[in-house]
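Working notes for the structure below.
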Amino acid sequence: MLWLQRGNLDVQDGALVLIDKEGIRTHIPAGGLGCILLEPGIRITHAAVALAAEVGCLLLWVGEGGVRLYSAGQPGGARSDRLLYQAKLALDDDLRLKVVRAMYRFRFQEEPPARRSIEQLRGIEGVRVRTMYKLLAQQNGISWERRSYDPDHFEDGDPVNKCLSTATHCLYGLCEAAVLAAGYAPAIGFIHTGKPLSFVYDIADLFKFETAIPIAFKVAASNRGDPVRETRIYCRNSFRKHNLLERIIPTIEQVLASGGIELPKPHAEAMPIAIPNKEQTGDAGHRA
């Protein structure tokens, strides 16, 4: 995965190149990359987008440090095996429960209670989360009653909840980038369901209390400047400093592997494609 910012991304002599303001060209080996994250300041030509799609390199338009994900080219992975694997785990009740238990184990560093349904685990998790919110508020000397967020009236929220909303949205941006780069579907969740970003919320929850939530309370306690802007900048710097994106994708693989099944193989009766794709510089589906 490669991050780019401030430059023009174009194709010259059949290769992807980044041209900076001094006119210096840097070759970008798109055929050997799984994903290119385009931060603010990047301008990209139609030819560059077409070349990235041809070699199976995912393009993601993100905010600084990945705190927003604005758009994705060819989302969902360059092949379908990861999507089928994720769907099979989510549709089988027993497999789904195994994944949910693995997420609980990762998040709280303890074994979840035995013989509990997903609904029961969700309830236990909710109690634990409320307790963690209150503890962080106390540690930062903040009077905080409850989580409150109205997307239609964001400006009416108190500073603490504004910081919390901003920090979690920053984390969602980074997690969505990771989910897409790994070849999974953001909408197929295990704890969260029925939303376009259900799986993103599942994965973000695994990291929320070591990144976004402590940052939000810390910024709110400092009472300095614009809390929304300060939170976004703090998240950007923290995500970069701790290489959070590098940890998210292996964690996705880890929790899904707890289902105990292998990636699905093509059906024996599946028809081959009528017209084979031409040779590419990268492995077909190397992104996934």
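Laboratory data are not the source of any read-out in this text; all were calculated from the coordinates shown. Just so you know, these numbers come straight off a predicted model, no measurement behind them. Ideal geometry is used to build each Cβ from the backbone, glycine not excepted, and the neighbour counts take in all protein chains shown.
Taking R0 as 25 Å, what FRET efficiency do you get between HIS153 and ARG229 from their Cβ-Cβ distance, rounded to the nearest 0.05?
0.85
Full extension from GLU210 to ALA15: what is 0.36 nm times the residue separation minus their Cα-Cα distance, to one decimal in nm?
Gain on extension, GLU210 to ALA15, equals 66.2 nm.
Quick one: putting +1 on the C-beta of Lys and Arg, -1 on the C-beta of Asp and Glu, what dipole do you get for region 1-137 around its Cα centre, in Debye to the nearest 20?
Charge dipole of region 1-137: 760 debye, to the nearest 20.
Test of understanding: what is the full-extension gain from GLU54 to GLU269, defined as 0.36 nm times their sequence separation minus their Cα-Cα distance?
74.6 nm
Could you give the length gained by full extension between THR131 and ARG43, i.e. 0.36 nm per residue of separation minus their alpha carbon distance, to one decimal place?
Between THR131 and ARG43, full extension yields an extra 27.2 nm.
Could you go through region 208-221 in sequence order and give the Karplus-derived ³J(HN,Hα) for each residue, using 6.51 cos²θ - 1.76 cosθ + 1.60 with θ = phi - 60°, rounded to whole Hz, and x for Gly and Pro?
4, 8, 10, 10, 4, 5, x, 4, 4, 5, 5, 5, 4, 5
Would you mind working out the magnitude of the charge dipole of region 81-257 relative to its Cα centre, with +1 at each Lys and Arg C-beta and -1 at each Asp and Glu C-beta, to the nearest 20 Debye?
My answer is approximately 440 debye.
Which of CYS57, GLY41, ALA15 sits farthest toward the positive end of the charge dipole of region 2-62, with +1 on the Cβ of Lys and Arg and -1 on the Cβ of Asp and Glu?
It is GLY41, whose Cα lies furthest towards the positive end.
Cut-off is 10 Å between beta-carbons; in what order do MET1, MET103 appear when sorted fewest neighbours first?
MET1, MET103
To make sure I understand, if each residue's beta carbon is the centre and we count other beta carbons within 10 Å, what order do VAL11, VAL255 fall in, fewest to most?
VAL11, VAL255
Could you let me know the centre-to-centre spacing of region 53-120 and region 230-260, using Cα atoms, in angstrom?
12
Arrange the following residues from fewest to most other Cβ atoms within 10 Å of their Cβ: GLU210, GLU155, GLU176, GLU125.
Fewest-to-most Cβ neighbours within 10 Å comes out as GLU155, GLU210, GLU125, GLU176.
Tell me, rounded to the nearest percent, the portion of alpha carbon pairs in the chain spaced more than 31 Å apart.
Here the long-distance tail beyond 31 Å is 36 percent of all Cα pairs in the chain.
When the helix-only estimate is applied to the chain (DSSP H runs of n ≥ 4, each -39,500 (n - 2.57), divided by the residue count), what is the mean residue ellipticity at 222 nm, nearest 500 deg cm²/dmol?
Only helices count here, giving -15000 deg cm²/dmol.
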